[in-house]
Amino acid sequence: MTTGSIGERPDGNGTRSIRIAIADYPAIVRAGIASLLSAQPDMEVLGAGATADECLESLRALRRRTDVLLLVGLGIPGERGSLWLTRSVRDQFPSVPILACGANPDDLTVSQALFSGADGFVNKDVEAGIFVDAVRRAARGEVVLEGVPDSWVGRIADNVEAEVSTEPVLTQREAEVLAVAAEGLTARQIGHRLGVRERTVTTHLGRIYRKLGAPGRIAALAAAGEFGGLAMARRR
């Protein structure tokens, strides 16, 4: 994901420049992470919840979602668990950076988080300073893989590639945006049609171009045709 840089120090008014929302389970783990990050002079935890629904509601309530980093623990149980939440946030709030985290992970778990839409992963077993640094790097827009063995990197890439080869390329919302874009509408007009902001549309289009390896709209439409049309939404 391409995002604006979220600074590492409080601004001139003393406000904290990295704003964080946390979704994790159980409560004691969530509280511990919130306490660690809140203690940093450049970080502000805006909210923490145990369920996907709580997290989505919190994001909807925030006026400046593009300035928020979402930290998703991979232990949220249920059908609407961690991976469902990651996909939902990526679909509804495409400009929000998502950093997944988990304890005792394996390469498949990390791969699934990245394929679902996370921008990176940090192992909860790393030292506190390394964990905090990973959050800062993710907030700057870096792709973070912290606390995983070097030998996993190739396997993670292979796992994600295998998922891509068997799953549709675009999310449901991305397919909708591209379908409307095929009518030649501007980003503002597309946003009006779909009931989203113009900036959200441009973010979706940017992600579509990167996924399809296309430099622009016409090339993206041609590439989408090669993938079998526009009905390419991932299964929910």
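Quick notes
- Lone qualifier among Glu79, Glu57 - being open to solvent by 40 Å² or more (accessible area, probe 1.4 Å), of a type outside the set (A, V, I, L, M, F, W, C), more than 18 Å from Gly117 (Cβ to Cβ) and not in a strand (DSSP E or B): Glu57
- Checking Leu178 against (1) within 23 Å of Thr109 (Cβ to Cβ); (2) at pLDDT 85 or above, the condition it does not meet: (1)
- Residue within the stretch 218-232 that is surrounded by 12 or more Cβ atoms within 10 Å (Cβ to Cβ), modelled with pLDDT of 80 or more, among the aromatic types (Phe, Trp, Tyr) and farther than 30 Å from Gly78 by Cβ present: no
- Count - residues of the stretch 116-158 that are among the hydrophobic types (A, V, I, L, M, F, W, C), open to solvent by less than 50 Å² (accessible area, probe 1.4 Å), outside any strand (DSSP E or B) and without any contact (Cβ under 8 Å) to a residue 60 or more places away in the chain: 6
- Answer residue from the stretch 11-50, given it is open to solvent by 50 Å² or more (accessible area, probe 1.4 Å) and modelled with pLDDT under 90 and is nearest to Leu83 (Cα to Cα) among those: Ala48
- Leading residue by the ranking (nearest to Ala139 (Cα to Cα)) among those in the stretch 34-48 that are in a helix (DSSP H, G or I) and in contact with a helix residue (DSSP H, G or I) (Cβ under 8 Å, 6 or more places away or on another chain): Leu37
The values are calculated or read from the model by the stated rules, or taken from the named source; none is laboratory data. All figures in this text were calculated on a predicted structure; none of them were measured in a lab. Note: ideal-geometry Cβ built from the backbone for every residue, glycine included; neighbour counts use all protein chains shown. Please note that ligands, DNA and RNA were not included when accessible areas were found on the heavy atoms of the full protein model with its side chains. Shrake-Rupley method; radii C 1.70, N 1.55, O 1.52, S 1.80 Å.
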